[in-house]
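The values are calculated or read from the model by the stated rules, or taken from the named source; none is laboratory data. Keep in mind it's a predicted model, so treat the numbers as computed, not measured. Reconstructed Cβ throughout: ideal geometry from the backbone, glycine too, with neighbour counts over all protein chains shown. Just the protein is used for accessible areas: all its heavy atoms, side chains included, with ligands, DNA and RNA removed. Shrake-Rupley method; radii C 1.70, N 1.55, O 1.52, S 1.80 Å.
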Amino acid sequence: MGKAWYALRVKPHCERKVHERLLAEEIETFLPLVRVQPVNPRAAKIKPYFPGYLFVCADLEQVGANKLNWTPGAIG
């Protein structure tokens, strides 16, 4: 089948944690970020462009869909 891109749904505010965990397992990921001007000066200034989602490029037959779904912070 080969590699393909998939959208992986993650828990709120866990996008970076899941991104780093999958990169540590050598799975190609893409997390687009956008710079924002929050009203609260202590709020995050860089946020995910698609909150709650992370893009993964993998061969599901080789990696296994369960490995992605059971990653801490991932929903499915």
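In the set Ala65, Ala74, Ala7, only one residue is of a type in the set (Gly, Ala, Ser) and in contact with a helix residue (DSSP H, G or I) (Cβ under 7 Å, 6 or more places away or on another chain); that residue is Ala74.
Mind listing just one residue for me: the one in the stretch 27-49 that is surrounded by 14 or more Cβ atoms within 10 Å (Cβ to Cβ) and in a loop (DSSP other than H, G, I, E, B) and, of those, modelled with the lowest pLDDT? The qualifying residue modelled with the lowest pLDDT is Ile27.
For the stretch 5-25, give me each residue that is open to solvent by less than 30 Å² (accessible area, probe 1.4 Å) and either part of a loop (DSSP other than H, G, I, E, B) or among the hydrophobic types (A, V, I, L, M, F, W, C) (or both). Leu8, Val10, Cys14, Val18, Leu22 - these are the residues of the stretch 5-25 that are open to solvent by less than 30 Å² (accessible area, probe 1.4 Å) and either part of a loop (DSSP other than H, G, I, E, B) or among the hydrophobic types (A, V, I, L, M, F, W, C) (or both). The listed residues are Val56, Val63, and the only one of them that is surrounded by 10 or more Cβ atoms within 10 Å (Cβ to Cβ) and touching a Ser or Thr at 6+ places or on another chain (Cβ under 6 Å) turns out to be Val56.
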